[in-house]
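The values are calculated or read from the model by the stated rules, or taken from the named source; none is laboratory data. In this text the structure is predicted, and so the values were computed from the model without any measurement. Note that we place each Cβ from the backbone using ideal geometry, even for glycine, and neighbour counts take in every protein chain shown. What goes into the accessible areas is simple: the full protein's heavy atoms, side chains included, and nothing from ligands, DNA or RNA. Shrake-Rupley method; radii C 1.70, N 1.55, O 1.52, S 1.80 Å.
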Amino acid sequence: MLGHQIIMIVVGILCGSILFSQYLPKLIKKVDIVQLSDDHNPGTANAMQHAGIPVGMLCLLGDIFKGVIPVHMALRLELESGCLFSLIIAAPVVGHAYSLFHRGRGGKAIAVSFGVLIGLMPIHTEPIFALCSIYLFFSLVVRIRPHTRRTRITYILLALSSLYMLYAHWIPWQICGGMLLLSCVVVHKNSLRQQALEEQAARGAKNPGTVSV
């Protein structure tokens, strides 16, 4: 079982390292969204903005499924009880955030984290339900801006909810560990520094004559 777990970790990292939002806009629209966007993030939102909604939706599906496939494959191989299953869960998120194919540079890993938790279905629905509920609450009910702050708060609460799920015996410790790991990665990629860059870009958009140094 240990060998299978290691293989699935490698598969997850390799899948995550494929940055669809960087490849597809170049392939279909001949645009480099990393260069065009203010935050230089190879993500779905930038793909939609600079390459169009259809291309952005393809990027979104690619990012989701590269999280779904490795985790769901691991479940089908009955690796859930293995000691390394937490790393299998986190692997696609780590790969996306620190892509092997781009010298450790990657995206914010939000869509792929949704995909990872979707991959746990139908055996475990609580993790994806928690993430969707928290994200929608802070997007539609109590709106938190900018996006990076909302993401940090969402994933911190997801980490706390994973501990409650473990305490309530809703999920095994392996899944709790995976949720904690992916939450740490997403919070790090949506750091205060990234938020400062986005706020600076927003101010520059409002005042195009202002020069930043």
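Looking across region 47-66, the residues that are within 30 Å of Ser86 (Cα to Cα) and surrounded by fewer than 24 Cβ atoms within 10 Å (Cβ to Cβ) come down to Gly56, Met57, Leu58, Leu60, Leu61, Gly62, Ile64, Phe65. Scan region 32-53 and report the pairs whose first residue is without any contact (Cβ under 8 Å) to a residue 60 or more places away in the chain and on the phi > 0 side of the Ramachandran plot and whose second residue is part of a helix (DSSP H, G or I) and β-branched (Val, Ile, Thr), with Cβ atoms within less than 9 Å and a gap of 6+ or a chain change. Short answer, once both residue conditions are applied: His40/Ile33; His40/Val34; Gly52/Ile28. Within region 82-111, residues that are in contact (Cβ under 8 Å) with a residue 24 or more places away in the chain and open to solvent by less than 10 Å² (accessible area, probe 1.4 Å) reach partners that are assigned to a helix (DSSP H, G or I) and of a type in the set (Ser, Thr, Tyr) with beta carbons closer than 6 Å, at six or more positions or on different chains, in the pairs Val93/Ser113.
Per the listing Ile28, Ile69, the residue uniquely open to solvent by 10 Å² or more (accessible area, probe 1.4 Å) and in contact with a Cys (Cβ under 8 Å, 6 or more places away or on another chain) is Ile69. Annotation note: Cβ proximity below 9 Å between a residue of region 137-164 that is over 17 Å from Pro127 (Cβ atoms) and hydroxyl-bearing (Ser, Thr, Tyr) and a residue that is outside any helix (DSSP H, G or I) and open to solvent by less than 30 Å² (accessible area, probe 1.4 Å) (sequence gap 6+ or interchain) occurs for Thr148/Lys108; Thr148/Asn190. Just checking, does region 147-158 include any residue being touching a Ser or Thr at 6+ places or on another chain (Cβ under 8 Å) and open to solvent by 60 Å² or more (accessible area, probe 1.4 Å)? Within region 147-158 (the criterion being touching a Ser or Thr at 6+ places or on another chain (Cβ under 8 Å) and open to solvent by 60 Å² or more (accessible area, probe 1.4 Å)), the answer is yes, since at least one residue qualifies.
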